Amino acid sequence: MKRQCMNRLIHESSPYLRQHAHNPVDWYPWGEEALSRAKQEDKPILLSIGYSACHWCHVMERECFENEAIAQIMNERFINIKVDREERPDLDEIYMQALQLMTGKGGWPLTIFLTPDLVPFYGGTYFPPEDRFGLPGFPRVLIAVSDFYRSRRQDIVQIEAEMKAWLQALIKIPSEEKNLEPAVIKEAFIHYRNQFDFFHGGFGRAPKFPDGLSLLFLLRYWKSQGEEQALEMVEKSLKAMAAGGIRDHLGGGFHRYSTDDRWLIPHFEKMLYDNALLSRLYFEAYQATRKEEYREVGEGILDYILREMTSPEGGFFSSQDADSDGEEGKFYVWEKEEIYRLLGEERARLFSTYYGVSSQGNFGKGKNVLHLAYPLEKMATDYQVTLSELEEILQEGRKILFQEREKRNRPQRDEKIITSWNSLMISGFVYGFMTTGKIKYLFAAEKAVNFILEEIFKEGRLRRIYSGGRSYNEGYAEDYAFFIQALLDLYEVTFKEEYLIKARQLQEIMMEKFWDSEAGGFFFTEKEEPPFLGRYKQVYDQANPSANSVPVMNLLKLGYLAQDESWKKRAEDILRLFYPYIREQPIGFGHLLSSFLFYLEPEEIKIMGSKEDPLLKTMLQEIYLNFLPHKILSFQEGTNPAVLICRGFTCLPPIKDISELKKILLKKEKFV
């Protein structure tokens, strides 16, 4: 039972911070009050970074932060600061790198100890309340760290100096004059192929993340080079993920990652950014293959976002928790007897066979995570039912189970609206509209853009967060980059000039606030924090693309659309800056590799005529249904409908016939 106490976090807007507002811990948010007190009292800082949907963050809170004896040690010996990593990705990235330097591991909750000068000297992730799982108990850690800080000051000084030097070396990007050799693209493909799991799809071993950025690159490599194995790798992964328990087969959308190699048992939290990137990936796979199964998965993601993750104002919420009623996955799993009770003997037998439901369960104690366990056509044959009958039984079963699931206590939803993640989701809805033609997806994209422009873009600046009826925290480079991308994507399906104008305006603001005029590339932050380190640049694409890989495409598109060579030059500067990293280790640069291909193979497509002309609409629909990852679409008002396509330095004659357009769009030229 929680003690009825209250700390400073009660005044915060972040749902994650407010979750800790009734801990007996004397928590501070990150800010001047806490940092000044640490200096005045010469106390070390205990910095705890997590996020609302993090399962082990909740476990540590229940076991440690709600424990009054542990809280007393924390309060007496440390200045305790709690940070929502989604609000402060800059702090999260720096201190996560520090933890990885110290321990070789990372993850959340991030538990790290700082000197009053904000330099880390010890850290870990989850700590239990007593010695357990091969981990020291948190009270023992707290006392040992505190005693070390008090009694070993010379060692602390040395650790501070070493950590500063390590972190500064880590974020320093050497400026080298390098030719951009296209051969690196093929080398990257070979690296990805060597890491690929040809049995189950995806890369590496458990825990296995979807890694949509790498798969998006492989799709582009297939399109550019005609390398069929690249497409096979993408399809193997998409089919395996769509069949596995990582996908919510009743409600749509994907969980964050799989705990096994086979995509079977997920870690159940659902993140907006994962679903945004995966929706685009499945829609692009449909464009590339015209296989309906991919479009259906993409639509399932978007319909889930519209139903459960969209605010009344049009913004998109951040995440849904893994837990409900204190149990991980409880909302999503099923017992066999429960399904038989709901569906009846015969329908339940077919449903359970198809979705791999058994009495013993696959999630312990008779609990089952639904997954596709039997090929549909084979099952129809083996069970002597027609394919249409089986599909109807499964559809009806999903509907009944979904309605029953809605009666359960739902996982907590983090209703923060994050600019960068919303922008990725807007692009997902744009691709949904392109491939399905459904106006509801275009409406959702436009409503979200208008919400950001009205509520988050204030006084000529983007904010990072909207929560509790207000926007706050200055936007980071990724917020600008992803939103510019969303505006450009939306322009390509509406040709509304205001989206293009706003994209140019924001790009100019981004250049002013974040561009490194000496070495090139974008800093992640506008100011230095923590101050000992200086401003840093995101190098790698991780779960999300980096704040440098996305601007490459943005700058190239704006350069071509405005016929401004300076924008293109800035894009090239970014590629040159990070090119040595790509050569050394292509894994980790999925989106930057896609941007490099875009740089090598731009395809300008100008639409001419009246927006209301039926022929022009048909031609546009054909363009949207084709996989054209390097297209730069523009519109020119005119009387006679035509399409003008330029590849490289060559422009084709205006195309005025739909059959001719289809032929041209299918042609591929190799640039690499």
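Every number in this text was worked out from the coordinates using simple rules, so none of it is lab data. All values derive from a computational prediction rather than experimental measurement. Note: ideal-geometry Cβ built from the backbone for every residue, glycine included; neighbour counts use all protein chains shown.
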Quick check: Cα centre of the range 296-362 to Cα centre of the range 530-572, how many Å? 39 Å
Could you work out the Kirkwood radius for the chain, taking every pair of different alpha carbons, averaging 1/r and inverting it, reported in Å? 26.6 Å
Using mean Cβ contacts within 10 Å as the protection proxy, how do 266-276, 134-144, 164-174 order, highest first? 266-276, 134-144, 164-174
Of the listed pairs 105/178; 105/569; 105/164; 208/569; 105/172, which have alpha-carbon separations greater than 29 Å here? 105/178; 105/569; 208/569
Too long at a 28 Å Cα-Cα cut-off: which of 43/527; 496/527; 438/611? 496/527
Straight-line reach from residue 568: which aspartates and glutamates have Cα under 17 Å away, leaving out those fewer than 8 places along the same chain? 508, 512, 516, 601, 603, 604
Linear extension gain, residue 584 paired with residue 144, 0.36 nm per residue minus alpha-carbon span: 154.4 nm
Given labels modelled 7 Å from the Cα in the Cβ direction, how far is it in nm from residue 454 to residue 335? 4.8 nm
For the range 277-289, in residue order, the Karplus 3J(HN,Hα) values (coefficients 6.51, -1.76, 1.60; θ = phi - 60°; whole Hz; Gly and Pro = x) are 5, 5, 4, 4, 4, 5, 5, 5, 5, 5, 4, 6, 10
The range 233-273 versus the range 114-177: alpha-carbon centroid distance in Å: 35 Å
Let me check I've understood the local charge: for residue 21, count other residues with C-beta under 9 angstrom from its C-beta, Lys and Arg +1, Asp and Glu -1. What total comes out? +1
With a ≥ b ≥ c the root eigenvalues of the C-alpha gyration tensor of the range 603-666, is it rounded (a/c under 1.5), prolate (a/b larger than b/c) or oblate? prolate
How many angstrom lie between the C-alpha centres of the range 598-645 and the range 78-112? 46 Å
How high is the relative contact order of the range 108-252, in percent, counting Cα pairs under 8 Å that sit 6 or more residues apart? 12 percent
With the contact rule set at Cα under 8 Å and sequence spacing of 6 or more, what percent relative contact order holds for the range 8-171? 23 percent
In whole Å, largest first, the alpha carbons of the range 378-475 cover along the principal axes 66, 36, 19
What 222 nm value per residue comes from the helices of the chain, counting each DSSP H run with n ≥ 4 as -39,500 (n - 2.57) and dividing by all residues, nearest 500 deg cm²/dmol? -16000 deg cm²/dmol
Diffing the range 239-254: the Karplus 3J(HN,Hα) column from phi (6.51, -1.76, 1.60, θ = phi - 60°), in whole Hz with x for Gly and Pro, holds 5, 5, 5, 5, 7, x, x, 5, 8, 7, 6, 9, x, x, x, 10
To check you understand DSSP bridge types, tell me what percent of the beta bridges within the range 8-171 (both residues inside) are antiparallel, rounded to 5. 55 percent
Check residue 635: other-chain or 5+ apart residues with amide H under 5 Å from its amide H, H built from backbone geometry? 607
Note, the range 204-217: 3J(HN,Hα) by Karplus (6.51, -1.76, 1.60, θ = phi - 60°), whole Hz, Gly/Pro = x, goes x, 10, 5, x, 10, 9, x, 6, x, 5, 5, 5, 4, 5
Bridge type composition, the chain - antiparallel percent by DSSP, nearest 5: 70 percent
1/(1 + (r/R0)^6) with r = Cβ-Cβ of residue 103 and residue 405, R0 = 25 Å, i.e. FRET efficiency to nearest 0.05, evaluates to 0.05
Of the peptides 447-459, 551-563, how do they stack up when ordered by the mean number of other Cβ atoms within 10 Å, highest first? 551-563, 447-459
Residue 6 versus residue 345: modelled label distance in nm, points set 7 Å from Cα along the beta carbon direction: 5.9 nm
Kindly list the residues of the range 68-83 that lie in the label zone of residue 37, defined by a backbone N under 12 Å from the point 7 Å along the Cα-to-C-beta vector. 75-82
By average Cβ neighbour count within 10 Å, what is the ranking of 229-238, 534-543 from highest down? 229-238, 534-543
Using only alpha carbon pairs under 8 Å that are at least six residues apart, calculate the relative contact order of the chain and give it in whole percent. 11 percent
